[in-house]
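Peer 1: If you scroll down you'll find the structure; I have some questions about it.
Where a number appears in this text, it was derived from the coordinates with a stated rule and is not lab data. Only a predicted model underlies this, so the values are computations on that prediction, with no experimental measurement involved.
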């Protein structure tokens, strides 16, 4: 839904949707019954539910156990070595974490990210 209708939305992850709408969407998702038409016109609600999901995970996608290793790899000066270390770390992730991280990064690759001075 975000790829279809939210890509050109101003401040998709920055501007908050109504908390009641995000809560209703999260409840629908938890129950496995989502009326897509109800939320299709509010990409901010869907983005809010995604942010909430990621914040509320019992463990970060990249795991507590590998936390320091990710920072060490990111600090690697040699790009080839950095990429190799990232590949090794990705293989150490639990399958569910890897899948979710892959989905988030693939979505981010579709966005036209811009940085504003504010």
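Peer 1: How far, in degrees from 0 to 90, does helix 79-92 lean away from the longest principal axis of the Cα atoms of the chain, to the nearest 10?
Peer 2: It is inclined by approximately 60 degrees.
Peer 1: Among (i) 1.05; (ii) 1.13; (iii) 1.03, which one is Rg/Rh (Cα atoms, Kirkwood Rh) computed from these coordinates?
Peer 2: The value matching this structure is (iii).
Peer 1: Same structure again: Relative to the longest principal Cα axis of the chain, at what angle does helix 95-110 sit, 0 to 90 degrees, rounded to 10?
Peer 2: So the inclination is approximately 70 degrees.
Peer 1: If you take all C-alpha pairs in region 1-56, what percent of them are over 17 Å apart?
Peer 2: Above the 17 Å cut-off, region 1-56 has 29 percent of its Cα pairs.
Peer 1: While we're here: At what distance in angstrom do the alpha carbon centres of region 46-66 and region 5-19 lie from each other?
Peer 2: 18
Peer 1: Calculate for the chain the 222 nm mean residue ellipticity that helices alone would give, adding -39,500 (n - 2.57) per DSSP H run of length 4 or more and normalising by residue count, nearest 500 deg cm²/dmol.
Peer 2: Counting only the DSSP helices, I get -18000 deg cm²/dmol.
Peer 1: Here is a follow-up. Could you work out how far helix 19-31 tilts from the main Cα principal axis of the chain, as a 0 to 90 degree angle to the nearest 10?
Peer 2: Tilt of helix 19-31: around 80 degrees.
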